[in-house]
Amino acid sequence: MDYDKNKVDEMVLALLHLTSFHSAGSVRAWKSHDWDTLDRLFEKDLISDPKSKSKSVVLTEDGARKAEELFRKLCR
């Protein structure tokens, strides 16, 4: 199926905001989303590398800001 990957990236980033939490000075989120999408968000420098043993990813400063903006835009 063809779909707009950028829109999916935005939706997943918004969902990362929903599951985000603060830990040791970082904003983290559970990485239970599509791996290809998480890889694209990493390539866009919005999250840390999802290919780690950790069950969460770190949102970059820009990623956390954009995630909150998208969550407010898409979920209100």
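Just a few scattered comments:
- Asp62 falls short on exactly one of the conditions (1) open to solvent by less than 80 Å² (accessible area, probe 1.4 Å); (2) assigned to a helix (DSSP H, G or I); (3) touching a helix residue (DSSP H, G or I) at 6+ places or on another chain (Cβ under 8 Å), and that condition is (3).
- Within region 1-56, being among the hydrophobic types (A, V, I, L, M, F, W, C), open to solvent by 90 Å² or more (accessible area, probe 1.4 Å) and either in contact (Cβ under 8 Å) with a residue 12 or more places away in the chain or part of a strand (DSSP E or B) (or both) holds for Met11, Leu18, Trp30, Trp35.
- Consider region 1-31 and keep the residues that are polar (S, T, N, Q) and over 10 Å from the mean Cα position of the chain (by Cα). The one that is nearest to Gly63 (Cα to Cα) is Ser26.
- Number of residues in region 32-49 that are more than 11 Å from the chain's Cα centre (by Cα) and among the aliphatic types (A, V, I, L, M): the value is 0.
The values are calculated or read from the model by the stated rules, or taken from the named source; none is laboratory data. All figures in this text were calculated on a predicted structure; none of them were measured in a lab. Glycine gets a Cβ as well: all are built from the backbone with ideal geometry, and neighbour counts include every protein chain shown. Note: areas computed on protein heavy atoms with side chains; ligands, DNA, RNA excluded. Shrake-Rupley method; radii C 1.70, N 1.55, O 1.52, S 1.80 Å.
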